[in-house]
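J.: This structure is in C-alpha cells; I'll ask about it shortly.
The values are calculated or read from the model by the stated rules, or taken from the named source; none is laboratory data. If you're wondering where the values come from, they're calculated on a predicted model, not measured in any experiment. Because the Cβ atoms are built from the backbone with ideal geometry, glycine has one as well, and the counts that use them run over all protein chains shown.
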Amino acid sequence: MIPEPFRAAIIGGGRIADNNHIPALKALTGRVEVVAVCSRDQTKARALADRHNIPHAFSDAAAMYAVAAPNLVVICTPNKLHYPFALQALEQGCHVFCEKPPTLTAHEARHLADVAAGKGLMLGYNLQLRQTAEWQLFSRCKTEGRLGDLYHIKASFLRRRGIPGWGYFTNKEMQGGGALMDLGVHVLDLALLAFDYALPTQILGNTYDVIGKAGGKGLMGSWDPAQFGVEDACMAYLSFANKASIILSASFALNQQADIDRNLELFGSKGGVRLFPFVLHTELAGELADVHFPYLPDTDIQLKNTEAFVDACEGKASTVCTAEQGARLMQVVEQIYGQA
C-alpha cells in the first residue's frame, strides 16, 4: 500500500522559503504535498502561495493548523521565531524541518528535542552542507579508514564584506548573533559531525564588531553601522577529552583577500582532507601524495537535504541534522558566545 504524501506547510514567506524550501518540497512528488503558506503578512503569503500553486495562505498559524491540517511543517522565519513556531508545530503533532540555527539558546533547542522525542516526531535542521558530494566522499574515506584517527579540524566560513543588507541579520534581538549564527553553524556542524558530535571539554572564543560598527563598502548590500548589533567575526578554539581540537572562524566582514572562503581541513593519523575542492593528502607507494577528485557531481544540496528529512520522517536512514545534534550544536554556540 502506497502511503499518503505528507501535507507540508511553510511558516515564513521570505527568500529562503521562496527559492529553497518550496521548490525542494514540490520536487518530491508523491511524497509531499505543499498545502499552505503562513506569513504575518497575508498579502505576502497569498502571493507566495499563488506563485507556487499552493492552495492555502494564512497570516495566523492557529488558523493554518485548523483549516489546512498539515502534518509536516517547515520553519523559515527569523531566528527568534524558530523556537515558538517549532514548539507549536510539535504540539500539533507535526514533523518539523527548521532553518538554521536551531534556536537562540541551548535551553530552547534541548526542550524542542525532548518534546519531539516524547511525541515520536521528527525534528530536523537545514544544515545542508552535509549533502555536498565532497562531504559524502569525506564520510566514505573516514568509514574506510583512509584518514586513520581524526584529531584536528580547521573550519571556516569567511566573507570579506558580506554583511547582508536586508532582513534582520544585524539585529541581535531577532537573530541572536551574527556571523557565527548565520555562517559559522554550517561548518561547525560538519566539524562536530566528523567527531561524532562529541561535546568539547574546553572552549575559547572571541567575537568582533569592528567593521560592522565602522561601516564601509558592502558586497551584499549596505548596512547601518549605528544599528549593527551583532558580531561581524567570530574565532573559537574547541578542545575535546581525547585531545582532538577544532579551530573555527566565521565572518560577515574581515579584511582578507577572498570575497568568500568556506572550507574545512580535517587532519588524521593516516591522511588529511581539504574539503572544497576535495583533496586527499596521504602517502602512496612510499611517497607523499595529493589525490584530487575532479569528477564529483554537482548536487542540489537543498533538495538532497529535504529528501533526507522526509526519509527520516518515514523512518528511513537519514543524514539530516537531528534534534539531538541541533541541541548539542546550540550548546557549543552558546558556550562560544559566553567565552567571547
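J.: Quick one: would you say L238 is within 29 Å of Y208 (Cβ to Cβ), at pLDDT 95 or above and out of contact with any Cys (no Cβ under 7 Å at 6 or more places or on another chain)?
T.: Yes, satisfied.
J.: On to the next question. Can you confirm whether the range 130-151 contains a residue that is assigned to a loop (DSSP other than H, G, I, E, B) and within 18 Å of the chain's Cα centre (by Cα)?
T.: Checked against the condition, which is being assigned to a loop (DSSP other than H, G, I, E, B) and within 18 Å of the chain's Cα centre (by Cα), the range 130-151 yields at least one hit.
J.: Moving to a separate point now. Can you run down the residue pairs with Cβ atoms below 9 Å, 6 or more apart or on separate chains, where the first is in the range 243-266 and within 9 Å of R161 (Cα to Cα) and in contact (Cβ under 8 Å) with a residue 12 or more places away in the chain and the partner is in a loop (DSSP other than H, G, I, E, B) and acidic (D, E)?
T.: Short answer, once both residue conditions are applied: S251/E231; S251/D232; F252/E231; F252/D232; A253/D232; L254/D232.
J.: Residue under question is G145, and the condition is that it be assigned by TED's automatic domain parsing to the domain that holds E334, crowded, with 20+ Cβ neighbours inside 10 Å and modelled with pLDDT of 95 or more; does it hold?
T.: Answer is no for this residue.
J.: Here's a follow-up. How do the pairs read when you match residues in the range 60-78 that are small (G, A, S) with residues anywhere that are assigned to a strand (DSSP E or B), using Cβ under 7 Å and keeping only pairs 6 or more apart or on different chains?
T.: A61/I11; A61/C38; A68/A9; A68/V35; A68/A36; A68/H56; A69/R7
J.: Could you grab me the full set of residues in the range 59-80 that are of a type in the set (A, V, I, L, M, F, W, C) and surrounded by fewer than 23 Cβ atoms within 10 Å (Cβ to Cβ)?
T.: A61, A62, A63, A66, V67, A68, A69
J.: Would you call G165 outside any helix (DSSP H, G or I) and closer than 18 Å to R15 by Cβ?
T.: Here the answer is yes, as G165 does meet what is asked.
J.: While we're on this one: State all residues of the range 15-37 that are surrounded by fewer than 17 Cβ atoms within 10 Å (Cβ to Cβ) and within 16 Å of N126 (Cα to Cα); if no residue qualifies, say none.
T.: Selection gives R15, N19, P23.
J.: Quick one: what pairs do we get from the range 269-297, first residue assigned by TED's automatic domain parsing to the domain that holds A191 and farther than 11 Å from L137 by Cα, second surrounded by 12 or more Cβ atoms within 10 Å (Cβ to Cβ) and of a type in the set (K, R), C-beta under 8 Å, 6+ apart or different chains?
T.: Close Cβ pairs satisfying both conditions: K270/R146; G271/R146; F276/R262; H281/R274; T282/R146; T282/K270.
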